[in-house]
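S.K.: Okay, handing you the structure first.
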Protein chains: 2
Amino acid sequence: MQQLKAKTLEMRTPQATKTAVLVIGGAEDKVHGREILRTFVARAGASKAYITIVPSASREPAIIGGRYIRLFEEMGAQKVEILDIREREQCENPQIKASLENCTGVFLTGGDQLRLCGVLADTPAMDLIRQRVRAGQLTLAGTSAGAAVMGHHMIAGGGSGETPNRSLVDMATGLGFIPEVIVDQHFHNRNRMGRLISAIAAHPDRLGIGIDEDTCAVFERDGWLQVVGKGSVTIVDPTELTHTNEPHVSANEPLNVHNLRLHILSYGDRFHLYQRTVLPAVHRLPSYGDSYGDNVS
Amino acid sequence: MQQLKAKTLEMRTPQATKTAVLVIGGAEDKVHGREILRTFVARAGASKAYITIVPSASREPAIIGGRYIRLFEEMGAQKVEILDIREREQCENPQIKASLENCTGVFLTGGDQLRLCGVLADTPAMDLIRQRVRAGQLTLAGTSAGAAVMGHHMIAGGGSGETPNRSLVDMATGLGFIPEVIVDQHFHNRNRMGRLISAIAAHPDRLGIGIDEDTCAVFERDGWLQVVGKGSVTIVDPTELTHTNEPHVSANEPLNVHNLRLHILSYGDRFHLYQRTVLPAVHRLPSYGDSYGDNVS
C-alpha cells in the first residue's frame, strides 16, 4: 500500500532529473523568483547543465542572448553559450553541430516565429535537436516565438476581437517538436482564444494549447504536461468534435465548431497529451489530489 | 415516412407565429437587412404586433426609444410605444400595467444593466412581463444591457486580457427570464471569453452564453435556441465539470476549470437548453443537417 502511494506521488511530482520540453507563453519572470527559467536549468542538468541559447527568432540576438546567458549562469549552469544562427548554411557548421551534440539544454528565444522556422526548418542542426530531445538527452525550452514553433502546424499571426473565422489566424509550418499540438502564447493576455479556436477548427486532428505570459507547460516524455508559472494553460481539445463548417465557408464568415472540450489549467495541474485526461494539482487542493492515494492506504 | 420528415423539418424551422425570447449581443443591424429586429417584429405578431419599448437601461431613453419606434413602425408593427420607466414607483402605474397586459412584444434596449435591474426587479411590471412570457403571450427581446439581464445571475461588468480569475468579472442578480443562463454580450468583439469562463466557474450550475454583436439567440419555449445574425453564439457548458479551484483561491489568482464543453454556433445552428444537444444549421450544410431526414424517407 505504501508502495502504491509512493508510486502515485512520484507520478505526480516533477521529475527534476529528467529531460523535458518547456513551452513558455512569453514574458517569463527574469527578475524575481524566475521559477520557469530555474526549472529549465534544473531539467537541463542544474550544475552540470550545458545550455545553448538560439536567438534566431530575434532581431537583437546579442542583447537578448546576453541577458539569458547572465541569467542561466547566475542559476549555476556549468556552461552557457549563444548559437546565433542567422543563415541556413550555418546549420551545417561543424562547431554548431558539436555544440548541439554535447549540450544538455537548448533555449529558443522570442522574436518572429517565421524567421526562426525559416532558418532552422529541415536543417541538420534541427534534426540533431529533435533527435536528442526524443532520445531524452536534451531539455528544450522555447518562449513566445520559440514556443509557437513547437507544433507541426504553427500560428504565424492573427487578430483578436472577432468572431472565430478563417482570416483571424495565419497558419504556417512549425518545427514539429511536439507535432500533436498547436501552440498559442501571450494567450489570455492578448485575447487569443478566438484565433486558437479558428486554428483548431482548421486542424481538428491537433490539440490547441494556449499559454499565458510567465506561464509554462512542461511536457514530460511520458505524455503528461504540467503547468508552472503565474497564469493558465488553456487546452482546446477537438477529440469529440461533431461538426465544423471550417472548410466550407469563406475566409471572413463566422466559423461554427460543436463539441470542443475546454480546460483552463493553473499551477500544478496536469494533462495527458494522448489519454486526454486532466489531473488537478495535488498541493493546491489536497482534498481532490490526494483522494485516490488515501483510498489505497 | 413523409410525415416524419415533415415533423423533422418543422422542428428545425423557426416558428414565425410563436412567441420567443430574443437575446441580442448588441449593435444589431438597424440599417441594412435588419434581420434580427425583423425577426422580433415577426415573432411579436407582425402586422398585428403591439410593441412596447423599455429604454430604462439608457441615459438617453427618448433618443434610443425614438429610433426603435421608427424601425418597428417601418417594419409594419400595428402599434409601438415607449414605456419610459425611470423609477420603481412607475411600475405600479395602471397605464403601464395596461400596456404590459395588452402588448405582444417587449423590447429592452441597451445601456446599463444594473440600472435596468434596479428599476424593474421585483416590481409588478416585471412580474407581469415574466408571467406573460412564460405563458407564451409575449415575445421578449433584449439587446446589450437588455440581453445581460436575462439570466438569474448577471454579468454587471468586468475586464479582458487576463487569465480567468474571480476579479475579472462582477456579478449581480439579473431579471431571471431564462434563469438557467449567464449571458455575456459584445462577446468576441470585446474579448469576453475569459470573463464568461470566470462567471461559469463561480456558478457551474448555469450555462454560459456569449453573444456577438449583430447576433441573436432566439430561445423557443420548447428549450431550443437558434442563432440569427452575422456573428456567433458561444456556449460554455459546465455539465461535465470535474474540478475548479473557484471558491478556494483569492480574487486575483488564476482559476482552473476542467472539462468544460464549448460550442461556437453560427447562423441557423441550434442548441437545446435542457438536453444540451447541438444541431448544425440545415440550410448551410445540407449534408449534415438533412442526414436523418433522408434516412427515414
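S.K.: Can you pull out every residue in the range B:120-133 that is surrounded by 15 or more Cβ atoms within 10 Å (Cβ to Cβ) and assigned to a helix (DSSP H, G or I)?
M.R.: Across the range B:120-133, the qualifying residues are B:L120, B:A125, B:M126, B:L128, B:I129, B:R130, B:R132, B:V133.
S.K.: Continuing with this model, one more query. Could you count how many residues in the range A:193-229 are more than 18 Å from B:R261 (Cα to Cα) and either free of Cβ contacts under 8 Å to residues at least 40 places away in the same chain or under 15 Å from the mean Cα position of the chain (by Cα) (or both)?
M.R.: Number of matching residues: 19.
S.K.: May I ask you to list the residues in the range A:234-266 that are touching a residue at least 60 places away in the same chain (Cβ under 8 Å) and of a type in the set (A, V, I, L, M)?
M.R.: Across the range A:234-266, the qualifying residues are A:V249, A:A251, A:L255, A:V257, A:L260.
S.K.: Would you check which residues across the range A:167-185 are surrounded by fewer than 21 Cβ atoms within 10 Å (Cβ to Cβ) and either within 14 Å of chain B (Cβ to nearest Cβ) or within 21 Å of A:Y274 (Cα to Cα) (or both) and list them?
M.R.: A:S167, A:G176, A:P179, A:E180
S.K.: Let me ask something else about it. Among the residues of the range A:198-209, write down those that are hydrophobic (A, V, I, L, M, F, W, C) and either surrounded by fewer than 22 Cβ atoms within 10 Å (Cβ to Cβ) or in contact with a Gly (Cβ under 7 Å, 6 or more places away or on another chain) (or both).
M.R.: Passing the criteria: A:A199, A:I200, A:A202.
S.K.: Looking only at strands (runs of 3 or more DSSP E) that fall completely inside the range B:35-119, which ones have 1 or more residues that are touching a residue at least 60 places away in the same chain (Cβ under 8 Å) and not aliphatic (A, V, I, L, M)?
M.R.: In the range B:35-119, B:105-108 are the strands (runs of 3 or more DSSP E) which contain 1 or more residues that are touching a residue at least 60 places away in the same chain (Cβ under 8 Å) and not aliphatic (A, V, I, L, M).
S.K.: Suppose the filter is closer than 20 Å to A:V149 by Cβ and more than 17 Å from the chain's Cα centre (by Cα); does A:T52 pass it?
M.R.: Judged against the criteria, A:T52 is a match.
S.K.: Could you tell me how many of the residues in the range A:209-250 are touching a Cys at 6+ places or on another chain (Cβ under 9 Å) and within 10 Å of chain B (Cβ to nearest Cβ)?
M.R.: 3
S.K.: Using the structure shown, decide if B:D112 is loosely packed, with under 14 Cβ neighbours inside 10 Å, of a type outside the set (A, V, I, L, M) and under 21 Å from the mean Cα position of the chain (by Cα).
M.R.: It is false that B:D112 is loosely packed, with under 14 Cβ neighbours inside 10 Å, of a type outside the set (A, V, I, L, M) and under 21 Å from the mean Cα position of the chain (by Cα).
S.K.: Separate question: Give A:R190, A:R166 a once-over and let me know the one that is farther than 16 Å from A:I24 by Cα and either of a type in the set (D, E, K, R) or in contact with a strand residue (DSSP E or B) (Cβ under 6 Å, 6 or more places away or on another chain) (or both).
M.R.: A:R166
S.K.: Also, quick follow-up: For the structure I just gave you, tell me whether A:I200 is over 15 Å from A:V21 (Cβ atoms) and in a helix (DSSP H, G or I).
M.R.: Spelling it out, A:I200 is indeed over 15 Å from A:V21 (Cβ atoms) and in a helix (DSSP H, G or I).
S.K.: When you scan the range A:180-226, how many residues do you find that are out of contact with any helix residue (DSSP H, G or I) (no Cβ under 6 Å at 6 or more places or on another chain) and among the aliphatic types (A, V, I, L, M)?
M.R.: So the answer is 11.
S.K.: Six or more apart or on different chains, Cβ under 7 Å: which pairs go from a residue in the range A:162-176 that's more than 10 Å from A:R195 (Cβ to Cβ) to one that's among the acidic types (D, E) and crowded, with 19+ Cβ neighbours inside 10 Å? Could you list them?
M.R.: If the second residue must be among the acidic types (D, E) and crowded, with 19+ Cβ neighbours inside 10 Å, the pairs left are A:T163/B:D212.
S.K.: Suppose we keep only residues that are more than 7 Å from every other protein chain (Cβ to nearest Cβ) and assigned to a strand (DSSP E or B) within the range B:251-272. Which one would you say is nearest to B:G229 (Cα to Cα)?
M.R.: Of everything passing the filter in the range B:251-272, B:R270 is nearest to B:G229 (Cα to Cα).
S.K.: Does A:G157 meet the test of being surrounded by fewer than 16 Cβ atoms within 10 Å (Cβ to Cβ), within 14 Å of chain B (Cβ to nearest Cβ) and of a type in the set (G, A, S)?
M.R.: Taking the combined requirement at face value, the residue does not satisfy it.
S.K.: Another question, if that's okay. Which residue pairs have Cβ atoms closer than 9 Å, lie 6 or more positions apart in sequence or on different chains, and pair a first residue in the range B:134-147 that is assigned to a helix (DSSP H, G or I) with a second residue that is surrounded by fewer than 24 Cβ atoms within 10 Å (Cβ to Cβ) and acidic (D, E)?
M.R.: Sorted first by the residue in the range B:134-147, then by its partner, the pairs are B:A145/B:D112.
S.K.: Something else: Working carefully through the options A:D237, A:D212, find the one that is among the charged types (D, E, K, R), at pLDDT 95 or above and buried (at least 23 other Cβ atoms within 10 Å of the Cβ).
M.R.: A:D212
The values are calculated or read from the model by the stated rules, or taken from the named source; none is laboratory data. As the structure is a prediction and not an experimental result, all values here were calculated from the model. Virtual Cβ from ideal backbone geometry, glycine too; neighbours counted across all protein chains shown.
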